[in-house]
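Taking it in order: structure first as structure tokens, then the write-up.
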Amino acid sequence: MAAAVAGAGGAAAFSVLRSYWPLLLLACTLTAVGGALMPQGFAFARAMVAGDPTAPMVTSTLRMFFSLSWVAGPPLASLLLNAGGFTTLYACSGALYATVFIVVARWFVEPPILAPMAAGDDGGDGSSTAGARRSLWTTLVALVLLQSAIALNVQLVPLLVRHNLHAGVDSAGVILGVCAALEIPAMLGFGLLSNRVPLQLLVRSGPVLGIAYYALAAAAGRVWQLGATQILNACFIAVMQGLAISYVQDLLPSHPGRASTLYSNTFAGGMVLAGPVLGIGAKLGYRVSFIIAAGLSVAGLVLLTVGRPERADSSRQLAVSAG
């Protein structure tokens with residue numbers, strides 16, 4: 001509820017302010033707090049289904065709606081901009097935040113109290129806790145690398161289409177839209193698969209899909225070839241942004257809010273890393289950046305493999321703190 005109020009306030013201020021420094025201050029405060037809605041929403045859902053083997057499916061379904069918003073959101077934003085400019089756009093954004101506040105206040109119930117950490121998880125000689133922390137932080141570093149590759153793709157596709165494939169920006173828009181649309185069934189499919197296949201194995205399959213996608217995208221000579229590879233990209237995103245959050249939550253089962261926030265912060269870390277790589281592409285060619293993205297996926301796969309929990313079933317048993 002606090003995040004929804006902050007988001008509504010930030011959007012309302014953006015709709016009327018036109019001075020850079022106040023807007024920057026708001027972006028670093030109210031808007032940033034509003035951004036906590038996503039990880040807290042996933043944490044709330046996790047707490048509601050704690051101990052349920054279908055939890056990864058629930059998370060993937062929620063993440064599917066996030067992809068759906070990327071399909072519907074940009075066209076709606078364009079209509080609002082054309083109708084009333086940024087004032088109307090941000091006013092509507094504030095109204096959506098206010099709607100979230102009403103829904104949470106009116107219909108959400110407090111989730112069951114999570115089971116406290118078992119005695120000995122944070123005591124004894126500390127060896128199990130040290131191993132669990134190693135798994136957690138190695139996994140988070142891997143996710144930063146993989147999120148960077150995903151962020152790079154969004155920025156590189158229009159540039160590759162325009163400068164290397166010599167097609168219009170509209171073609172790039174179609175490719176990105178197709179990918180977002182494919183993510184929806186992909187997330188549902190992997191969510192269902194998580195009921196039959198170990199989550200750890202599914203998460204490690206994500207970078208493999210990413211490596212294949214970036215290698216093919218780097219070699220694409222026609223727009224249709226790049227478009228055809230989006231099925232691999234959609235599956236890669238479905239795993240890393242659908243199932244991976246459940247994987248991190250399993251490493252911190254008693255702290256779903258902390259786990260969800262740590263996972264969400266890998267997006268920001270990935271974006272920071274993607275900037276310099278994009279600059280390399282501007283100098284050496286955008287195909288080179290796709291090759292680097294494939295390398296990031298390889299590194300992510302290695303870290304996920306090295307940092308996997310010590311026992312095959314331990315990802316559902318660990319209860320450690322992040323620090």
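Of the residues L192, L243, L199, which is out of contact with any helix residue (DSSP H, G or I) (no Cβ under 6 Å at 6 or more places or on another chain), over 25 Å from L278 (Cβ atoms) and touching a residue at least 24 places away in the same chain (Cβ under 8 Å)? Matching residue, one of L192, L243, L199: L192.
Within the stretch 67-96, residues that are assigned by TED's automatic domain parsing to the domain that holds F14 and over 23 Å from V33 (Cα atoms) sit with their Cβ atoms under 7 Å from residues that are part of a helix (DSSP H, G or I) and hydroxyl-bearing (S, T, Y), at 6+ positions apart or across chains, in these pairs: L80/T88.
Conditions (1) of a type in the set (G, A, S); (2) free of Cβ contacts under 8 Å to residues at least 12 places away in the same chain; (3) surrounded by fewer than 22 Cβ atoms within 10 Å (Cβ to Cβ), marked per residue:
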site	(1), (2), (3)
V223	no, no, yes
P253	no, no, yes
T261	no, no, yes
L273	no, no, yes
G279	yes, yes, yes
K283	no, yes, yes
I291	no, no, yes
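Evaluating V197 against the criteria (1) under 22 Å from L143 (Cα atoms); (2) in a helix (DSSP H, G or I) leaves one unmet condition, (2).
Selection of the stretch 53-104 for residues being in a helix (DSSP H, G or I) and among the hydroxyl-bearing types (S, T, Y) yields T59, S60, T61, S67, S69, S78, T87, T88, Y90, S93, Y97, T99. Can we say A212 is part of a helix (DSSP H, G or I), within 15 Å of the chain's Cα centre (by Cα) and small (G, A, S)? So A212 fails the test. Taking the listed residues V33, V49, V16, the one that is within 30 Å of L192 (Cα to Cα) and of a type in the set (A, V, I, L, M) is V49, with no other qualifying. Consider the stretch 215-236 and keep the residues that are small (G, A, S) and in a helix (DSSP H, G or I). The one that is nearest to G168 (Cα to Cα) is G227.
The values are calculated or read from the model by the stated rules, or taken from the named source; none is laboratory data. What you are looking at is a predicted structure, and each value in this text was computed from that prediction instead of being measured. A quick note on method: Cβ atoms are made from the backbone with ideal geometry, for glycine too, and the neighbour counts reach across all protein chains shown.
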